[in-house]
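Reviewing the structure listed below.
The values are calculated or read from the model by the stated rules, or taken from the named source; none is laboratory data. Owing to the predicted nature of the structure, the values given are computational and were not obtained by experimental measurement. Cβ coordinates were reconstructed from backbone atoms using ideal geometry, including for glycine residues, and neighbour counts include every protein chain displayed. We work out accessible area using only protein heavy atoms, side chains counted, and drop any ligands, DNA or RNA first. Shrake-Rupley method; radii C 1.70, N 1.55, O 1.52, S 1.80 Å.
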Amino acid sequence: MVSITAAGIALAAAVTTAAATNFPARPIPAAGTTPHAGARDRAADAARLAARLNAERVAARLPALAIDDRLCEIARAHALEMATRGYFGHASLDGASPFDRMSRANYRFGYAGENLVIDRDPDDADRALWQSSEHRDNTLQPHYARIGVGAVSTPGGEYFVADFSD
């Protein structure tokens, strides 16, 4: 899905599952993305996006999600891979889904989801996610209890990954 924001174009995708989901065999290069060797971790931006997502949950009369350090690392690693390898998608270049990445990290879950966006900063990323009904619905899933957000900046924009679990 492509969303237009004040910052420009934000690319976004959402997936939620309690079981296996079919993913494309290969992620496709995102328009305007190129590999960036100088990608930088932006932990403060990840924390800001997590806080904004939690504020939206509370406004919708849902409990805020606990920040899970392990989910943050899983999300950060995927954001870094996308930024440094020049692609955008839920499936990693090796075909791994978000749920595969969680399982590989020995992260246990019964229900999980992921939102992705590339934008200028965490505020614009949040607006892009919130304007998409799929992403808003994913953020507001009542069975989620934990969140991990990763943010990686590049000259072409900032990659954000929000992973959710029960």
*Give, rounded to the nearest 20 debye, the magnitude of the charge dipole that region 42-101 has about its Cα centre when Lys and Arg contribute +1 at Cβ and Asp and Glu contribute -1 at Cβ.*
260
_region 71-107-region 119-158 distance, computed between alpha-carbon centres (Å)_ = 15
*Would you mind calculating the gained length between W130 and D94 on full extension (0.36 nm times residue separation, minus the Cα-Cα distance), in nm to one decimal?*
10.0 nm
*For region 28-166, which whole percent of the accessible surface, found with a 1.4 angstrom probe, sits on carbon and sulfur atoms?*
52
_For region 160-166, Karplus couplings with θ = phi - 60° (6.51, -1.76, 1.60), whole Hz, Gly/Pro x_ = 10, 10, 10, 9, 10, 8, 7
*Find, among the GluC sites (Glu not before Pro) in region 103-166, those assigned to loop by DSSP (not H, G, I, E, B) with at most 12 other beta-carbon atoms within 10 angstrom.*
none
*Three-way shape label, region 50-144, alpha-carbon gyration tensor, a/c 1.5*: oblate
